[in-house]
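Here the structure comes first, spelled out in structure tokens, and everything after it is commentary.
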Amino acid sequence: MIKHKKSIVIIFMIITLLSTVAQFAVSVNYNMVDYLPKDSPSMEAMDLMEDEFDEPVENARVMVKEVSITEALTYKEELESIEGVSQVTWLDDVVDLKVPLEMGNSDTIESYYQNNSALYSLHIDEGYEVEATDEIYQLIGEENAVSGEAVNTATSQKMAGSESMYAGALLVPIIILILILSTNSWMEPVFFLTAIGVSVLINLGTNIFIGEVSFVTQSVAPILQLAVSLDYAIFLLHSFSDFRKEVSDPKQAMQLAIKRSFPAIVASASTTFFGFTALTFMDFGIGADLGLNLLKGILLSFISVMVFLPALTLMFYHWIDRTQHRSFVPDFKNIGKRVMKLRIPSLVLIVLIIVPAFLAQSHTSFIYGTGEHPQNTRAGQDVTVIQEEFGKNMPMVLLVPEGDRGKEEELVQELEDLPQVSSVLSYVNTVSAAIPPAYLEESVTESFYSGNYARITLYTDTDAEGEEAFSLIEEVQAKADSYYDETHLLGESVTLYDMKNIVQDDNKLVNWMTILTVTLVLLVTFKSISIPLVLLLTIQASVWVNLSFPYFMETPLVYVGYLLISTIQLAATVDYAILFTENYNHLRKEMSARPAIKKTIDDKIFAIFVSASILSSVGFILWVTSSNPIVSSIGLLLGRGALLAFIMVVFVLPALLVVLDYIIKKTTWKANFYKEK
């Protein structure tokens, strides 16, 4: 690496340039439904309906105020003419407008038209969400409203690019400031960011071989990779700076720096790598998609730091020499002494809160979809406006075998009696169970019968998800199963119900895999049985405390965020504990436990604070800048989790290491701890 430094730098620059161009050819998927397993009930039902029926399920609602029946019909025609809108349903599709409205069913009419406001049900084709919703907004103006799945997808898609740029614009200066404070050269932060920035761009570009990434991966993975792997560059260059003071030849200093920092970087990268590996085993595809990208990112960051950074540094090390500045960091001498005075209160406090935190985080209420858009956005305001005028409306489609219209009529009557069902649309209650479909034109029957299946559409007044919505799904499924051996249910609520069941199973698998893989790395690193347990307890306690906040604040938590952060926080912040404990073990061979722990705190508290503050800044900036509830939730949990992990490593871990010193000595292979004379 040192001998061929120029060639290495040129090769990396070429690959980075190609990757920067290639990333624009990677498509981003904003539809969470696509990441459900293909064998999940809702996905099988969706495939079946697409095969059997031409008319899709609505995924958007448009409300136009202050219109007459004639004007509303004109708006319907204009909506139908928009590219990407494949179906528009309104009042004229369910009642005969030649008959005075006063003579019709008031509940049916008020579902589409009331107080001179018209409400249309639309289906917007996948891939046309942004273009179609833009045209709809242009057609209806600011005073009217649009809501639904398609609108959520379009909003996420439009905001993702600009929000990522905004997050980066805020984050990079903060990281540079933190790095300037932590180094003695104005140029060192540039070297850090260049090495990791190169690996981030290569990671983004190599996604072209995957073909498509989720919007969560696109928003979170690059920034998370930067924050998690920046430590590798800091470890190497700090070692290089130390050896520059001992040897005059920069090449020799770099060789020694690589040798010294390699074990720490490998241990740090391994825990993160194997922690993220657990995500790839999730059935829910967003976790697997993010896990694969983070694995690739960590591997590329490791290669960049161990190959590209030494070559780059040796080519331009004189820039570091010329841009030296005085240290801006105060001396942390004797802070270890002060921290150790708090060891008993720290242990008592963690004993008091760890059980309530564990119980609280397991009783948090969850959101399984993307959640609601903030009220300061057009999408959030439109949902409120439509619900205030027409109430909630969540469509659900039930497919049952075609043939027995008597049985179908009985089922429809039972479904209509359910309190959360506002209306049911089927052949038997729209046309008549007494009229054979063969006597009617296909245009009348095709939306109800396919030749194999009957389609029954339910309109409910529940939210897309929640206890009430999920209970209704179970009730509808049970009633349908009591009449037919084969039934299929689909819709947004049903998809979220499936998602809930799948990700809850994923949670157990991912958590256990993360703990087991990280434990294995720690066992190999420290050659000890007790040290991995102490480190895992320290970081896992910070995870539990972090995830208990939503319970005590009575705010629902996006489950995907909960699932990812329980893995990411453990995998990313256990590095702080590793760095601390490695230094302590080294000093413990030269002195007794208390002096060793005090010196470790003095020596490493700032390095850990730098790493934690960068990761925390990444999290809080994602939280502030993202309008997507999933990304925002991950950001808040990550920012808070990094700070909690820092507090635990500085205050609780030293206390545990001192209190358990005898046990650690007896359960560590070749501990060689210092013996008091």
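Quick note: the coordinates plus some simple rules give every number you see, no bench work behind them. In this text the structure is predicted, and so the values were computed from the model without any measurement. Glycine also receives a Cβ, built like all others from the backbone with ideal geometry; neighbour counts cover every protein chain displayed.
Key figures for this structure:
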quantity	calculated
Euclidean distance of C-alpha centroids, the stretch 339-361 and the stretch 464-515, integer Å	37 Å
The chain: angle of helix 188-206 to the longest principal axis, Cα-based, in degrees nearest 10	40 degrees
Computed E for Ala438/Asn105 - FRET, C-beta separation, R0 22 angstrom, nearest 0.05	0.20
Full-stretch length increase - Met591, Ile14 - with 0.36 nm per residue and alpha-carbon distance subtracted	202.7 nm
Full-stretch length increase - Asp404, Ile303 - with 0.36 nm per residue and alpha-carbon distance subtracted	29.8 nm
Ascending count of other beta-carbon atoms within 10 Å, so fewest first, for Ser301, Ser261	Ser261, Ser301
Computed [θ] at 222 nm, deg cm²/dmol, the chain (DSSP H ≥ 4; -39,500 (n - 2.57); rounded to nearest 500)	-21500 deg cm²/dmol
Förster-model FRET efficiency, 60 Å R0, Ser482 and Leu170, C-beta, rounded to 0.05	0.60
Extended-chain gain in nm, criterion 0.36 nm per residue less alpha-carbon gap, Glu78 and Leu97	4.9 nm
Pairwise centroid distance, computed over Cα atoms, of the stretch 373-402 with the stretch 33-83, Å	12 Å
Using a Förster distance of 56 Å, the FRET efficiency for Trp319-Ala671 (Cβ separation, nearest 0.05)	0.85
Angle in degrees between helix 559-588 and the longest Cα principal axis of the chain, rounded to the nearest 10	10 degrees
Angle in degrees between helix 129-140 and the longest Cα principal axis of the chain, rounded to the nearest 10	50 degrees
Value of relative contact order over the stretch 378-496, rounded to a whole percent, pairs C-alpha under 8 Å and six or more apart	41 percent
Coil-residue GluC sites (Glu not before Pro) of the stretch 116-154, DSSP, other Cβ within 10 Å capped at 13	Glu142, Glu143
Relative contact order (%) - the chain, alpha-carbon pairs under 8 angstrom, separation at least six	19 percent
Charge sum, other residues only, whose C-beta stays under 13 Å from Phe308's C-beta, Lys/Arg counted +1 and Asp/Glu -1	+2
Sparsely packed trypsin sites (Lys or Arg not before Pro) within the stretch 326-409, loop by DSSP, other Cβ within 10 Å at most 12	Arg326, Lys333, Lys341
Sequence of Thr108, Thr581 once ranked by neighbouring C-beta atoms within 10 Å, starting from the fewest	Thr108, Thr581
Highest average packing first - 6-19, 303-316, Cβ atoms within 10 Å	303-316, 6-19
For Ala454, residues with placed amide H under 5 Å, excluding near neighbours	Val400, Glu402
By average C-beta atoms within 10 angstrom, highest first, the peptides 361-367, 41-47	41-47, 361-367
Centroid-to-centroid separation of the stretch 602-665 and the stretch 193-227 [C-alpha atoms, Å]	23 Å
Label point distance in nm, Phe328-Ala25, each placed 7 Å from Cα along Cα→Cβ	4.2 nm
Packing rank of 437-446, 231-240, 49-58, where each peptide gets the mean count of other beta carbons within 10 Å, highest leading	231-240, 49-58, 437-446
